1. Compute the accessible area per residue over the range B:2-220, keeping the other protein chains in place, probe 1.4 Å, unit Å².
2. What are the extents of the Cα atoms of the range B:29-116 along their three principal axes, listed from largest to smallest and rounded to whole Å?
3. Would you please give the residues with an amide H less than 5 Å from that of A:VAL5, counting only those at least 5 places away or on a separate chain, with H modeled from the backbone geometry?
4. Give me P(r) over the range B:108-222, computed from all C-alpha to C-alpha distances, binned every 5 Å, as integer percentages.
5. Using a 1.4 Å probe, what is the accessible area per residue for chain A, in Å²?
6. What residues does the range B:188-222 have that are buried by at least 40 Å² of accessible area in the full protein assembly compared to the chain on its own, 1.4 angstrom probe?
7. For the Cα atoms of chain A, what angle does the longest principal axis make with the long axis of helix A:111-121, in degrees from 0 to 90, nearest 10?
8. Please list, in order along the range B:131-143, the HN-Hα scalar couplings obtained from phi with the Karplus expression 6.51 cos²θ - 1.76 cosθ + 1.60 (θ = phi - 60°), rounded to whole Hz, x for Gly and Pro.
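The values are calculated or read from the model by the stated rules, or taken from the named source; none is laboratory data. These figures come from a predicted structure and were not determined experimentally. All Cβ positions, even for glycine, are placed from backbone atoms using ideal geometry, and neighbour counts span all protein chains on display. Please note that ligands, DNA and RNA were not included when accessible areas were found on the heavy atoms of the full protein model with its side chains. Shrake-Rupley method; radii C 1.70, N 1.55, O 1.52, S 1.80 Å.
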Amino acid sequence: MPPPVVEVLSLRRDFGDESVLREVSLRLDQGQTLVVLGPNGAGKSTLLRMLATLLRPTAGELRVLGAELPRRAYEARGRIGFLGHAPLLYRDLTLIEALRFHAELHRVAAAEERIRDLTEAVGLGRRRDQLVRTLSAGQLQRAAVCRCVLHGPELLLLDEPGSHLDPAGQATIRPLIGPGDGTTRVIVTHDVEGGLAEADRVLALDAQGSVAYEGPVAGFTPADARVLYAGAPR
Amino acid sequence: MATLRTILVKDLRIELRTLQSLPAMALFAVTTFVIFRFGLDRTELEGSLAAGVLLVTVLFAALLAINRLFVAERDEGGFDAIRLAPVDSAQLFLAKVGALFIYLAVLEVIALPVFAMFFGTEAEALPATLGLLALVNLGLAATGALVSTIGANSRARDLLTPLVLLPLVVPLMISAAGAAEPLLAAGGPDLSGAGKWMASLALYDLVFLLVGYAVYEFLLED
């Protein structure tokens, strides 16, 4: 049996005196999709940043792509595609310059061809020479998806991948970050029905950052999600 | 080296496109010379006074660039982008040192002739002074890149950067002033008097480059 792509045991993260994630444990195997649900402030994005090697856990064990974090983060870096709240694209570069910058950092082979294919796939082919700062929010999200998958990552960490996108925009990014090619994925979303439709496993976090449910998607229903969100402080 | 070049080229491209640092530095330097020219009411400066005016101006002009050095990394996710890539984070430090060094060199190419014109500096002193300033630039760039990284994630960064940087560059300024004084002496530069100070400057540069390279990964941790 191959080792899990993500293995988390009793993970905790504090900011100052406040714990935003408590005792989170989970396991995700190759090719599976984990959907992370929970109200605002439940620690979903914090969890994603820890999996991306960008944030150190306060306590607990964390292993991503076989690398123990944070000690051996360098083994996982470059194998993860991270789509967070920020597009991670310099606003004063053109789209092609910004993507070329990432391609060079990740040493992408045949980068120009890859950038051309990706930007055309998300409908930004004619925007390649436009400054990133002039792109609309939806275009920026599609550009961020190009940046996220540019280096062919083995693990995709996606924080609200459909944000700012209309249905047509969401359709353009789906072939790149959708379930099609068997890439392991962790998706943070508030779209409960859409998320559950794609998930193999579910991690539900309550407003205190504790695990309300972790397990196969079959054991979690939209009604459970409604209870989860109803328990969040207003 | 490829990563260093990639980050450096990106920084220079953004600066050329936005002109956020260099014009402000040049304008600051020229304005400061005008203030000293009329404040001191002197048409000629030499020795330690000339060294002081020149070095203090370069130092405070450098602060303008140092404060802005990591703005794009902080506001546009550059820190995350670089930490997600399979690269040595210290390359970011070296690239920023390179960028700051280039900004300062360009500034001095503009400011030094203006200084010479305002304060009657001998033309023969200029090449050696430029050489001295190259060593000063390297030290300021290494220290500035380190301090700017520390300040980048602080809400009080505009205050923190000068408060931390200025005490750290005191040894640099003492050595630079010691070297500049004989170079800008009345009657032409005295190169023999500047040697030991130049060696001291080179040592300072080396120490801060090595310290920066060694600790940079830890500075980028949350």
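1. 42
2. Cα extents, longest axis first: 55, 21, 19 Å.
3. The list, which skips near neighbours in sequence, is A:LEU28, A:ASP29, A:GLN30.
4. P(r) for the range B:108-222, in whole percents per bin: 2, 11, 19, 18, 16, 13, 9, 6, 3, 1, 0.
5. Per residue, chain A has an accessible area of 44 Å².
6. B:GLU221, B:ASP222
7. Computed tilt is about 70 degrees.
8. Running phi through 6.51 cos²θ - 1.76 cosθ + 1.60 with θ = phi - 60° gives x, 4, 5, 4, 5, 4, 4, 4, x, 5, 5, 5, 5 Hz.
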